[in-house]
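The values are calculated or read from the model by the stated rules, or taken from the named source; none is laboratory data. These numbers were taken from a predicted model, which means no experiment stands behind them. FYI the Cβ positions are ideal-geometry reconstructions off the backbone, even for glycines, and counts take in every protein chain you see. The protein model used for the area step is the full one, side chains on, heavy atoms only, and it has no ligands, DNA or RNA in it. Shrake-Rupley method; radii C 1.70, N 1.55, O 1.52, S 1.80 Å.
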Amino acid sequence: MSTVLPIEDKPRWAIYTAADGQVTFAIPFVFQAAIDVSVFIEVDDSWEKITSGYTITGAENPIGGSVTFSSGRAPGDRILVLGAALLERVLSIVRSGRFSSKAIDDDFDRLLLIVQELDRDRQRSIKSEYGEDGLTLAAGIGDERALIKRGAKLEAGPLIDEIENAQGYALDAKENQERSKKAAIVAAGSMTTVIDPQFSNLATAQAYSPVIAPDYIRTAGYSASGDGGGAMYKKAASEPAHAGKLSITLDDAVTVVWYELAELKPTPLMFGAVDDGTSTDDTDAFDGLSSYCEENGIPGYIPATSTGLATNGNHTFSYGLIGEGNWRSKVFVTHATNDVIIGSDFYGGNYVGVYYFASVTRTNGATIKIDNSVLPNNYSLATVVRNNVFQNGFIDIQFLRCNAGSVEGNRSFDFAYCFCVLGNVDFPDNGDYSISGNVWDTGVSGAYAGILQLQAGGARIVNNKGGRADFGYVLQMQSDDDTSILIISNNSFENHNVGNIRLTRDTGITGEFRHVIITGNEFAGVVSPNACLELDFGLADFITNVVVTDNVIQFTNVAISVDQAKNIRISDNVFESFDGSSVGVQTSNAATGLVGYNVFSNVTTPYANTAAGVTVIS
């Protein structure tokens, strides 16, 4: 850098956009003379040099100078100020026969300015890689043309519009070729071997607009890929009547093609349910699943969930509802009184492996209700309710019209009325229920019974464990029809508030129940002063042919009470009193039969017998 005139590494140019009437524009770089600066104005996207109408000041000023026009510029004028040091000697380093140090310094400054400007222009040029020959740009290349490299020369190529048109023609040709291929495949009857349409969600699939409709469509989710609602849809001849459907419009913008779900294990997630507990109301999704299952005669499925699904409605699943994750197949019940899952098929359905959790206080309704009131036979045959979990329900399971129903391996917590209600409104002598392997426990005050049988029809109550309702099992006949067969075996009923078993019938009902066997059970912990087992609750002509044998009964007050039952046998039981002042077997009035061969522990009065027709063998 010269000590007289500092030469800094700055861009030796500037472009300005003029304000209305602007006359002065800065020169932001050092220059030695006005001749070393050129001024340009932009005209039609090109720079034209201005040679007059302005003055330049600031030569040899370290901070630069300025261009001042004799008249104001129009607004928006673009002005280029360009360093253009004169490429010739303008000084002599010998003056009056002597060398001039300033002249030498000025020459070096000029050389440096020239070098900076050459480097500036070099950087704007077309370059070749190191090791390659330089390129020559051919003369006369017009605007809007591509460049073609031929050896070391760049020549004019086609117009850009011509290239874009050619590309468009090529794309159109390719699209027409694809359409022709598809049409040929359809004509040959083998289109599905070529088109395999798969989409991230239902909305994306519905936006699909092909030339020809594929035979099926796959989705990876309902609302989003991976949300569990992905499914296969097959082409339908017309719009399906159920909710498992989608439609697309072909690229003619006219033809609508319908598709229906093609899944053998449909779930609420395929109808828009969201696995987020009670945050989303999934009632519509359950309704959609129900309509699909009823239309196709198949059960619905509840997948394993991370949080659970929620419904506020009542839904018919005539062919069953099956959980794939047991405790993780969780359904929140958010309605206080309605029946939730309703079964109505004649051949019965399987209701298996779902965790039903009431998130509101239930005051009525059944979680699963079997009620075939629409078919001519008017009852469902061999319905199975197995391995479910119920919590906070009112009635967990209710058989209203059913024959040979089975309730197996379910768990119930904190029901408000009953775990299971058995009945047969239209055919009271049918029933033949099997209730086995279930566990219930309720801490809800006023819960009536683990099992309540309202119509007779026969039942086998086997291997259940229950506690803390008013009763373990209640038979409460509501029909004048005679019926038979009740087997209560190998159960454990504990800590019930009123009694473990009560056999009774409604006022005014005359129906008789024949053949009762109660054997191999554990009865314990009745809280109230009632009997553990009330076999006829003071009703005449009600219970006939009763065997109570091989049970263990731990009790207070009275273990077994028989008032008017006919032909009874109570033997080979073990009685243990909790309070030491209890009665083992109490028979009275018109009861008949035999009582004896029992074992008593801490029982004050083994037999309190006032019935003349009962024989007691100590």
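Results, tabulated for the structure shown:
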{"read-out": "Residues within region 306-328 that are closer than 21 Å to residue 398 by Cα and assigned to a loop (DSSP other than H, G, I, E, B), tallied", "value": "6"}
{"read-out": "Check on residue 399, open to solvent by less than 10 Å² (accessible area, probe 1.4 Å) and assigned to a strand (DSSP E or B)", "value": "yes"}
{"read-out": "Hits in region 549-581 - residues which are open to solvent by 10 Å² or more (accessible area, probe 1.4 Å), out of contact with any Pro (no Cβ under 9 Å at 6 or more places or on another chain) and part of a strand (DSSP E or B)", "value": "549, 552, 554, 561, 566, 567, 569, 574, 576"}
{"read-out": "The listed residue being free of Cβ contacts under 8 Å to residues at least 60 places away in the same chain, surrounded by fewer than 23 Cβ atoms within 10 Å (Cβ to Cβ) and of a type outside the set (Gly, Ala, Ser), out of 517, 461", "value": "517"}
{"read-out": "Selection status of residue 509, of a type in the set (A, V, I, L, M, F, W, C) and either open to solvent by 40 Å² or more (accessible area, probe 1.4 Å) or in contact with a Phe, Trp or Tyr (Cβ under 6 Å, 6 or more places away or on another chain) (or both)", "value": "no"}
{"read-out": "Within region 266-296, considering residues that are under 17 Å from residue 219 (Cβ atoms) and aromatic (Phe, Trp, Tyr), the one least open to solvent (accessible area, probe 1.4 Å)", "value": "292"}
{"read-out": "Subset of region 402-423 [more than 28 Å from the chain's Cα centre (by Cα), open to solvent by 10 Å² or more (accessible area, probe 1.4 Å) and of a type in the set (Phe, Trp, Tyr)]", "value": "417"}
{"read-out": "Residue that is nearest to the chain's Cα centre (by Cα), among those in region 57-70 that are more than 15 Å from residue 16 (Cβ to Cβ) and surrounded by 11 or more Cβ atoms within 10 Å (Cβ to Cβ)", "value": "63"}
{"read-out": "Top-ranked residue in region 356-377 [being modelled with pLDDT under 95 and surrounded by fewer than 18 Cβ atoms within 10 Å (Cβ to Cβ); ranked as farthest from residue 448 (Cα to Cα)]", "value": "376"}
{"read-out": "Among residues of region 532-562, those that are farther than 18 Å from residue 521 by Cβ, among the acidic types (Asp, Glu) and modelled with pLDDT of 90 or more, counted", "value": "0"}
{"read-out": "Residues (under 24 Å from residue 494 (Cβ atoms), open to solvent by 50 Å² or more (accessible area, probe 1.4 Å) and not β-branched (Val, Ile, Thr)) located in region 587-608", "value": "600, 601, 602"}
{"read-out": "Among the residues listed as 592, 510, 556, the single one being polar (S, T, N, Q) and more than 55 Å from the chain's Cα centre (by Cα)", "value": "592"}
{"read-out": "Flag for residue 584 being open to solvent by less than 10 Å² (accessible area, probe 1.4 Å), part of a strand (DSSP E or B) and among the small types (Gly, Ala, Ser)", "value": "yes"}
{"read-out": "Qualifying residues in region 27-52 (those that are without any contact (Cβ under 8 Å) to a residue 24 or more places away in the chain and small (Gly, Ala, Ser)) - the one farthest from residue 108 (Cα to Cα)", "value": "46"}
{"read-out": "Flag for residue 30 being assigned to a loop (DSSP other than H, G, I, E, B), surrounded by 13 or more Cβ atoms within 10 Å (Cβ to Cβ) and in the same structural domain as residue 74 (by the TED database)", "value": "yes"}
{"read-out": "Failed item, numbered, when residue 611 is tested on (1) crowded, with 21+ Cβ neighbours inside 10 Å; (2) within 18 Å of residue 555 (Cβ to Cβ)", "value": "(2)"}
{"read-out": "Flag for residue 544 being touching a residue at least 24 places away in the same chain (Cβ under 8 Å), in contact with a Lys or Arg (Cβ under 7 Å, 6 or more places away or on another chain) and at negative phi", "value": "yes"}
{"read-out": "Failed item in (1) at pLDDT below 95; (2) within 16 Å of residue 242 (Cα to Cα); (3) of a type in the set (Ser, Thr, Tyr), with residue 292 passing the rest", "value": "(1)"}
{"read-out": "Single condition residue 97 does not satisfy, out of (1) modelled with pLDDT under 75; (2) farther than 23 Å from residue 44 by Cα; (3) surrounded by 10 or more Cβ atoms within 10 Å (Cβ to Cβ)", "value": "(3)"}
{"read-out": "Yes/no for residue 437 being open to solvent by less than 20 Å² (accessible area, probe 1.4 Å), at positive phi and not β-branched (Val, Ile, Thr)", "value": "no"}
{"read-out": "Index of the failed condition, residue 531 passing every other in (1) among the hydrophobic types (A, V, I, L, M, F, W, C); (2) open to solvent by 40 Å² or more (accessible area, probe 1.4 Å); (3) farther than 25 Å from residue 481 by Cα", "value": "(2)"}
{"read-out": "Residues (open to solvent by 40 Å² or more (accessible area, probe 1.4 Å) and polar (S, T, N, Q)) located in region 534-548", "value": "545"}
{"read-out": "Qualifying positions in region 416-446 - outside any strand (DSSP E or B), modelled with pLDDT of 95 or more and of a type outside the set (Ser, Thr, Tyr)", "value": "416, 437, 438"}
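Listed here are the residues, each with its yes/no results for (1) at pLDDT below 90; (2) over 27 Å from residue 353 (Cα atoms).
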{"site": "448", "(1), (2)": "no, no"}
{"site": "451", "(1), (2)": "no, no"}
{"site": "463", "(1), (2)": "no, no"}
{"site": "485", "(1), (2)": "yes, yes"}
{"site": "490", "(1), (2)": "no, no"}
{"site": "501", "(1), (2)": "no, yes"}
{"site": "507", "(1), (2)": "yes, yes"}
{"site": "511", "(1), (2)": "yes, yes"}
